[in-house]
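See structure below.
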Amino acid sequence: MDKIILENMLFYGYHGVLPEENTLGQRYAVSVVLGTDIKSAAADDDLTKSLNYAEVYNAVKGIMEGEPAKLLETLAESISGRILAMGAETVRVTVKKLHPPIPGQMDFAAVEIERSR
């Protein structure tokens, strides 16, 4: 299966369990890998036969900058469902909280899921 990849899209959102996260917000990075067949689109040089990654980006942005969720898991599920509805056969979604409220140093906390139709 062919893949379309959008790596480390950056968003600012108000997700989290703690009240401070919902008030102050923080940065998130989202990556998606869409499984799809791009052979026909490539042969005909026709975007209508592929998944438009600008539309995928906008869908992810709407979720990440939209209604706050408590869990990264919820965000990942919402993103995967939306992308599958757009026509992807499979999708892998990684949602990273870049500054988790944990006493200690780390690059990020993340959830990664894989779903298919």
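In whole percents, the pair-distance distribution calculated for the chain from its alpha-carbon pairs, binned every 5 Å from zero, is 2, 12, 22, 22, 16, 11, 7, 4, 2, 1, 0.
Considering only lysines 8 or more places apart in sequence, or on different chains, count the pairs in the chain whose C-alpha atoms sit under 19 Å apart.
Values: Lys3/Lys39; Lys3/Lys49; Lys39/Lys49; Lys61/Lys70; Lys61/Lys96; Lys61/Lys97; Lys70/Lys96; Lys70/Lys97.
The result is 8.
With R₀ fixed at 30 Å, the C-beta to C-beta distance from Glu20 to Ser116 puts the FRET efficiency at about 0.25. Rounded to the nearest 10 degrees, the inclination of helix 53-64 to the longest alpha-carbon principal axis of the chain is 20 degrees.
Near Ile38, once Lys and Arg are set to +1 and Asp and Glu to -1 for all other residues with Cβ below 9 Å from its Cβ, the sum equals +1.
Computed about the Cα centre, the dipole magnitude for the chain is approximately 160 debye when only Lys and Arg (+1) and Asp and Glu (-1) carry charge, each at its Cβ.
Just add up the charged neighbours of His15: K/R +1, D/E -1, any other residue whose Cβ is under 15 Å from the Cβ of His15.
Numbers: positive: Arg27, Lys61, Lys70, Lys96, Lys97; negative: Glu20, Glu21, Glu65, Glu67, Glu73, Glu77.
Overall, the nearby charge balance is -1.
I'd like the distance between the alpha-carbon centres of segment 89-117 and segment 8-78, rounded to an integer number of Å. That distance is 12 Å.
Taking other residues whose beta carbon is less than 11 angstrom from the beta carbon of Val111, and scoring Lys, Arg as +1 and Asp, Glu as -1, yields -1. Taking every DSSP helix (H) stretch of at least 4 residues in the chain, weighting each as -39,500 (n - 2.57) and dividing the sum by the residue count yields a mean residue ellipticity at 222 nm of -9500 deg cm²/dmol. Per-residue extension of 0.36 nm, minus the Cα-Cα distance of Met86 and Lys49, leaves a gain of 12.1 nm for this segment.
Length gained on full extension, Leu10 to Tyr57: 15.9 nm, using 0.36 nm per residue less the C-alpha separation.
Laboratory data are not the source of any read-out in this text; all were calculated from the coordinates shown. Since this is a predicted model, take the numbers as computed values, not measurements. Cβ: placed from backbone, ideal geometry, glycine included. Neighbour counts: every protein chain shown.
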